[in-house]
Amino acid sequence: MFHNPVLVLLATAVLACAPAGHRDGVPPGARVFEGKVVAVADGDTFTVLDGATQVRIRLEGIDAPEKGQPFSAKSKQAVSDLVFGQVVRVVQSSKDRYKRSIAKVYLQDGRCVNEEMLRLGMAWHFKRYSDDAQWAKLEQQARRSKTGLWADPKPIAPWEWRSGAR
């Protein structure tokens, strides 16, 4: 039984911040593994070694510029600077139609790569697939400060770019 009120308060605060079913920080049914990042395809897709198996990761809840789109190379470089050659923790929630693992990815220091890309202004919060208010706030902060791709006066969202609105 806890008798230290500070520990009780801290434990209560941590549990209160975790969504129901996520008390350990991992959604129910998620696959979690650690591996080394061995390749970067673009600003939201890279390959992680899970043992001897290469797993293609698509960062959950964000969308980075497509190849050929303004800021594509900078976005790819930003994610590469964060993860390439690093051992990361992958929390896979699902797979997409291309069989990529949709995941939140964490660096060894605990930072979430998905959030870092938003903070750096190198990706959009993909609201079609994420209702995370903190991630929306990170995008808004980057927009206001004209960080990364938000320095462009008329940035085109990747989903619009893919649909031909070039």
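The values are calculated or read from the model by the stated rules, or taken from the named source; none is laboratory data. All values reported here derive from a predicted model rather than from experimental measurement. Reconstructed Cβ throughout: ideal geometry from the backbone, glycine too, with neighbour counts over all protein chains shown. Ligands, DNA and RNA are excluded from the accessible area calculation, which covers all protein heavy atoms including side chains. Shrake-Rupley method; radii C 1.70, N 1.55, O 1.52, S 1.80 Å.
The table below lists the values:
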read-out: Carbon/sulfur fraction of accessible area - region 56-145, other protein chains in place, 1.4 Å, %; value: 47
read-out: Amide H contacts of Phe33 (H built 1.01 Å from N, under 5 Å, at least 5 apart or other chain); value: Val90, Gln92
read-out: Accessible heavy-atom area order of Thr45, Thr53, highest first, probe of 1.4 Å; value: Thr53, Thr45
read-out: By average C-beta atoms within 10 angstrom, highest first, the peptides 70-77, 58-65, 145-152; value: 58-65, 70-77, 145-152
read-out: Solvent-accessible area per residue for region 43-163 (1.4 angstrom probe, square angstrom); value: 52
read-out: Val32 - accessible surface, heavy atoms, 1.4 Å probe, Å² rounded to 10; value: 70
